[in-house]
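Working notes for the structure below.
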Number of protein chains: 2
Amino acid sequence: MNTRAEKGMKRDQRTAILEAGARLINLQGFHNTGLKDILETAGVPRGSFYFYFKSKEDFGLALIDHFMRVLGDRIRPLLEDESLSPLGRLRLVFERARQRYQSEDFAGGCPIGNLSQEMSDLSPAMRQRLQQALAGMTARWAALLRQAAEKGEISPGIDPDLMAGFLLDAWEGALMRMKVERNAEPLERFEQILFSGLLAR
Amino acid sequence: MNTRAEKGMKRDQRTAILEAGARLINLQGFHNTGLKDILETAGVPRGSFYFYFKSKEDFGLALIDHFMRVLGDRIRPLLEDESLSPLGRLRLVFERARQRYQSEDFAGGCPIGNLSQEMSDLSPAMRQRLQQALAGMTARWAALLRQAAEKGEISPGIDPDLMAGFLLDAWEGALMRMKVERNAEPLERFEQILFSGLLAR
């Protein structure tokens with residue numbers, strides 16, 4: 001095997017571990033999911049884990065980056081869709097998310113929210129990485145709200161940064177409630193209050 | 001030892017286990033906290049656990065009831081304070097909660113939110129109990145919003161039930177973000193948007 005193929009395989013194994021871990025951990029929790037299960041699901045030999053990750057915490061950090069990459073790839077085309085107004089794009093982000101959660105039978109919820117809830121008090125490194133992830137999402141939403149304000153789509157009194165932070169928290173809370181209710185109601189309620197009340201001009 | 005004293009001791013031991021469990025689990029998670037630690041912290045012999053609880057899940061259900069009792073005892077005097085207007089009472093609920101979380105250095109967060117996030121997909125029984133707990137809180141807030149609407153304190157267009165559900169989710173989301181940020185900003189933001197925007201008439 002040449003070095004290039006080896007590197008390719010290694011990259012694939014690392015990705016396979018991350019993808020298996022992402023699925024299992026989002027349904028079972030970080031502590032409650034053993035490395036053994038992740039590696040078996042990934043089809044990667046048990047000895048390989050520590051070749052790619054220094055520790056389970058190090059894996060947790062890579063997992064946050066993985067989630068943010070997946071989320072970014074999913075949201076970017078919506079946020080950049082010039083055929084829609086800024087508010088129309090924001091509406092589409094939540095609508096698509098709701099449809100996806102529906103297809104997952106409302107289980108699992110938001111990986112970033114789940115890890116935030118579980119790991120913030122247990123791992124300073126993960127807490128910091130989650131903080132960055134949430135700050136990045138907030139900034140993206142604030143930029144969209146700023147564009148919506150420029151187009152006169154939302155009430156001019158709205159502070160985009162404050163509102164974006166509030167919306168992200170409210171969205172995470174709605175996703176948590178969705179897991180408890182096992183239906184779309186909390187997400188629909190969020191969209192209704194958001195677009196008919198909070199942002200309406 | 002007579003039966004009455006025995007019963008008293010048993011009740012105290014059960015409460016001691018619940019109180020120790022509440023503290024540990026809210027900081028470390030349900031799965032991540034061992035019964036051994038809970039019983040040691042409670043100062044209760046290790047064999048006693050299964051005298052009071054059929055299983056860890058059964059303990060989890062009792063823990064949800066315990067949290068709701070503690071929360072109810074804390075909030076009731078505020079909600080019933082006739083010297084304040086309905087909106088004034090709601091404001092005080094969030095202000096006092098923020099001060100309490102500050103005194104806890106913004107760690108732990110909301111026990112009901114934490115268990116919802118961690119256990120909804122893992123225990124149907126706990127999910128159902130959490131659902132009831134959250135529905136009970138929503139109803140309490142909806143009643144307060146209804147009173148506020150009658151007094152003309154909030155915008156008449158607000159649907160009390162819809163808004164109460166949204167607010168509870170947004171509050172849970174703000175508490176999650178607080179754990180990540182380790183400061184009061186998400187809670188202050190929630191209060192600001194709530195009282196200067198969302199409910200303002």
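In summary, A:L175 fulfils each of the numbered conditions (1) facing chain B (nearest Cβ under 9 Å); (2) under 20 Å from A:R89 (Cβ atoms); (3) more than 14 Å from the chain's Cα centre (by Cα) with the single exception of condition (3). Scanning segment A:25-43 for residues that are part of a helix (DSSP H, G or I), buried (at least 19 other Cβ atoms within 10 Å of the Cβ) and touching a helix residue (DSSP H, G or I) at 6+ places or on another chain (Cβ under 6 Å) yields a total of 4.
Residues in segment A:178-197 that are within 7 Å of chain B (Cβ to nearest Cβ) and under 21 Å from B:N114 (Cβ atoms) were compared, and the one that is nearest to the chain's Cα centre (by Cα) is A:K179.
Being outside the structural domain of A:S155 (by TED's automatic domain parsing), crowded, with 18+ Cβ neighbours inside 10 Å and more than 17 Å from B:E118 (Cβ to Cβ) holds for only one residue in A:R46, A:R14, and it is A:R14.
Among the residues that make up segment A:146-168, is at least one of them on the phi > 0 side of the Ramachandran plot and more than 11 Å from every other protein chain (Cβ to nearest Cβ)? Checking segment A:146-168: at least one residue is on the phi > 0 side of the Ramachandran plot and more than 11 Å from every other protein chain (Cβ to nearest Cβ). The residues of segment B:49-76 that are of a type outside the set (V, I, T) and closer than 16 Å to B:N114 by Cα, listed by number, are B:E57, B:F59, B:G60, B:L61, B:A62, B:L63, B:D65, B:H66, B:F67, B:M68, B:L71. Inspection of segment A:117-137 identifies no residue that is more than 14 Å from every other protein chain (Cβ to nearest Cβ) and at pLDDT 95 or above.
Number of residues in segment A:117-139 that are among the small types (G, A, S) and in a loop (DSSP other than H, G, I, E, B): the value is 2. When every residue of segment A:75-93 is checked against the conditions, none turns out to be surrounded by 18 or more Cβ atoms within 10 Å (Cβ to Cβ) and in contact with a Ser or Thr (Cβ under 8 Å, 6 or more places away or on another chain). Across segment B:82-116, the qualifying residues are those that are part of a helix (DSSP H, G or I), within 14 Å of chain A (Cβ to nearest Cβ) and within 19 Å of B:G165 (Cβ to Cβ), and the one among them that is farthest from the chain's Cα centre (by Cα) is B:F94. Exactly one residue out of A:G88, A:G60, A:G109, A:G113 is out of contact with any strand residue (DSSP E or B) (no Cβ under 8 Å at 6 or more places or on another chain) and free of Cβ contacts under 8 Å to residues at least 12 places away in the same chain: that is A:G88.
The values are calculated or read from the model by the stated rules, or taken from the named source; none is laboratory data. None of the values given here were measured: they were computed from a predicted structure. All Cβ positions, even for glycine, are placed from backbone atoms using ideal geometry, and neighbour counts span all protein chains on display.
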